[in-house]
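Some notes on the structure that comes next.
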Amino acid sequence: MPSDDVHVFEAHAPDAALDELRARLAAARLPERETTPGRWDQGVPLDALADVVDYWRTGYHWRSFEARLNRIGQFRTTIDGLDIHFLHRRSPRADATPLILTPGWPGSIAEFADVVDELADPETAGAPAFHVVAPSLPGFGYSGKPATTGWGTEKIAAAWVELMTRLGYRRFAAHGGDWGGVITTILAGRFPAHVLGIHTTTAQAPPGLPTDGLTASERRWAEETRDFWRHRAAYAKQQATRPQTIGYSLVDSPVGLLAWILDKFAEWTDTRESPFETISRDRILDDVTLYWLTRTGASAARIYYESHDSLDPGLRVDVPAAISVYPRDIEKCPRPLAQERFRRIVRWTEPETGGHFPSLEVPGYFVKDLQDGLAAVLAVSR
């Protein structure tokens, strides 16, 4: 049974906070146009940003997203002195499996708001059903902001086990991408007695493995991932070394926050240029506004300070795993390298489309892939 330490939470931003946001957007000071007009190679182009800023101020409706979160069901509990917020949607099906979904940065629970219902009560005949739990990472959204160091991925994984136990879920499946993928890996490796199996879109191999035996396409994946971390990861190095410094801009300027996050949605999605080719302005603004209203730009950035490049090289996963590698994701680990860490891969998929945010880019495919992957996992875990 759920613990008495779990309390219902309802999101409701004060009208004054929304008025202040609109006033700040109206008074925004924008830089001059990029010297490569209309292109994204210097970051978010001026015209694209100005258009989103105008829509954010005059057309976007936060209350609609807030109501969706409240309909799903929101809760908070305190673990190791920190408030942890989470969505929780119980399935009506008696055969449902508990499932924890963990997002990353610059995502949030907004990544899962549109897929929770189908996972809990699928319309597709024969699809597995899940009791869905989607926590906000420490320092993200409506979770508390750590006041001291120590809330890295290892501690978060242990907190997730405690959270699921409080909800009455002694054994559960797990999914994650980005930081959520790292945490899901740690859950599976450190707590196999609790984890039935996992699905992840971020499979990281142990470091230093040779690539001699890889196919040409697999070597290309490894090279693209190395290239990303060498030449396109300045944001991660900034947040890993100076999160407080960038945090002032992210908490004080809605336009600065929007540009910092929109840049990643543009670069990491399966699009030619603009992220709005596959994700609506409303879905991206749901995520950005959540960061803004909760003032979590700095506290969320600190997950990089706590955990960047810290996954234990010796960690191995022996519970069954389903792994999906989307073509435009920022890290693509070849299967021969991935299976050096994930030693019971029961399903491996390489979708034809999609990037770092598949639940927003290709939500229908993402749900089916997650259902099929976890069905394969559960078939061998029980």
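What residue, of SER108, SER91, SER136, is surrounded by fewer than 22 Cβ atoms within 10 Å (Cβ to Cβ) and modelled with pLDDT of 95 or more?
Result: SER91 is the single residue among SER108, SER91, SER136 that is surrounded by fewer than 22 Cβ atoms within 10 Å (Cβ to Cβ) and modelled with pLDDT of 95 or more.
Quick check on the range 46-60. Is at least one of its residues within 24 Å of the chain's Cα centre (by Cα) and within 30 Å of HIS88 (Cα to Cα)?
Within the range 46-60, one or more residues are within 24 Å of the chain's Cα centre (by Cα) and within 30 Å of HIS88 (Cα to Cα).
Looking at (1) charged (D, E, K, R); (2) in contact with a Lys or Arg (Cβ under 8 Å, 6 or more places away or on another chain); (3) in contact (Cβ under 8 Å) with a residue 40 or more places away in the chain, which one does ARG302 not meet, given that it meets all the others?
Just one mismatch for ARG302, condition (2).
Please find, within the range 23-49, the residue that is modelled with the lowest pLDDT out of those that are surrounded by fewer than 15 Cβ atoms within 10 Å (Cβ to Cβ) and assigned to a helix (DSSP H, G or I).
Checked the range 23-49; the qualifying residue modelled with the lowest pLDDT is ASP47.
Is it fair to say TRP221 is under 25 Å from GLY373 (Cα atoms) and aromatic (Phe, Trp, Tyr)?
Criteria met by TRP221.
With the requirement that a residue be in contact (Cβ under 8 Å) with a residue 24 or more places away in the chain and surrounded by fewer than 17 Cβ atoms within 10 Å (Cβ to Cβ), what does the range 239-260 give you?
THR241, GLN244, TYR248, SER249
Considering only the range 354-368, state which residues are free of Cβ contacts under 8 Å to residues at least 60 places away in the same chain and not hydroxyl-bearing (Ser, Thr, Tyr).
GLY364
So that you can scan it fast, the table gives a plain yes or no per residue for (1) within 13 Å of GLU361 (Cα to Cα); (2) buried (at least 22 other Cβ atoms within 10 Å of the Cβ):
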| residue | (1), (2) |
| --- | --- |
| LEU262 | no, yes |
| TRP292 | no, yes |
| ALA298 | no, no |
| TYR326 | yes, yes |
| CYS333 | no, yes |
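Taking the range 272-283 as the region of interest, how many residues are without any contact (Cβ under 8 Å) to a residue 40 or more places away in the chain and either closer than 30 Å to VAL195 by Cα or part of a loop (DSSP other than H, G, I, E, B) (or both)?
Residues flagged as without any contact (Cβ under 8 Å) to a residue 40 or more places away in the chain and either closer than 30 Å to VAL195 by Cα or part of a loop (DSSP other than H, G, I, E, B) (or both) within the range 272-283 amount to 2.
What are the residues in the range 344-382 that are of a type in the set (D, E, K, R), under 21 Å from LEU99 (Cα atoms) and not in a helix (DSSP H, G or I), if any?
Across the range 344-382, the qualifying residues are ARG344, ARG347, ARG382.
Would you check which residues across the range 50-64 are outside any loop (DSSP other than H, G, I, E, B) and not β-branched (Val, Ile, Thr) and list them?
Residues satisfying the conditions are ALA50, ASP51, ASP54, TYR55, TRP56, ARG57, TRP62, ARG63, SER64.
When you scan the range 149-196, how many residues do you find that are without any contact (Cβ under 8 Å) to a residue 24 or more places away in the chain and touching a Pro at 6+ places or on another chain (Cβ under 7 Å)?
0
What's the number of the only condition in (1) buried (at least 17 other Cβ atoms within 10 Å of the Cβ); (2) within 25 Å of ALA233 (Cα to Cα); (3) out of contact with any Pro (no Cβ under 7 Å at 6 or more places or on another chain) that GLU350 fails to meet?
GLU350 satisfies every listed condition except (1).
Right, GLY297: over 23 Å from PRO358 (Cα atoms) and small (Gly, Ala, Ser) or not?
It is false that GLY297 is over 23 Å from PRO358 (Cα atoms) and small (Gly, Ala, Ser).
Surrounded by 19 or more Cβ atoms within 10 Å (Cβ to Cβ), closer than 17 Å to ALA174 by Cβ, of a type in the set (Phe, Trp, Tyr) and within 16 Å of the chain's Cα centre (by Cα): which single residue out of PHE342, PHE357, PHE366 fits that description?
One residue alone meets the criteria, PHE366.
Can you tell me which residues in the range 188-217 are out of contact with any helix residue (DSSP H, G or I) (no Cβ under 7 Å at 6 or more places or on another chain) and outside any loop (DSSP other than H, G, I, E, B)?
If the condition is that a residue be out of contact with any helix residue (DSSP H, G or I) (no Cβ under 7 Å at 6 or more places or on another chain) and outside any loop (DSSP other than H, G, I, E, B), then ALA188, GLY189, ALA216, SER217 are the ones that fit.
Taking the residues in the range 284-338 that are assigned to a loop (DSSP other than H, G, I, E, B) and in contact with a strand residue (DSSP E or B) (Cβ under 6 Å, 6 or more places away or on another chain) as candidates, determine which candidate is nearest to GLY373 (Cα to Cα).
Residue satisfying both the conditions and the ranking: PRO320.
Tell me which residues, restricted to the range 107-159, are within 20 Å of ARG93 (Cα to Cα) and of a type in the set (Val, Ile, Thr).
VAL115, VAL116, THR124, VAL132, VAL133
The values are calculated or read from the model by the stated rules, or taken from the named source; none is laboratory data. Computed from a prediction, not measured in an experiment: that's the story for all the values here. Counting neighbours? That spans all protein chains shown, and the Cβs are built from the backbone with ideal geometry, glycine included.
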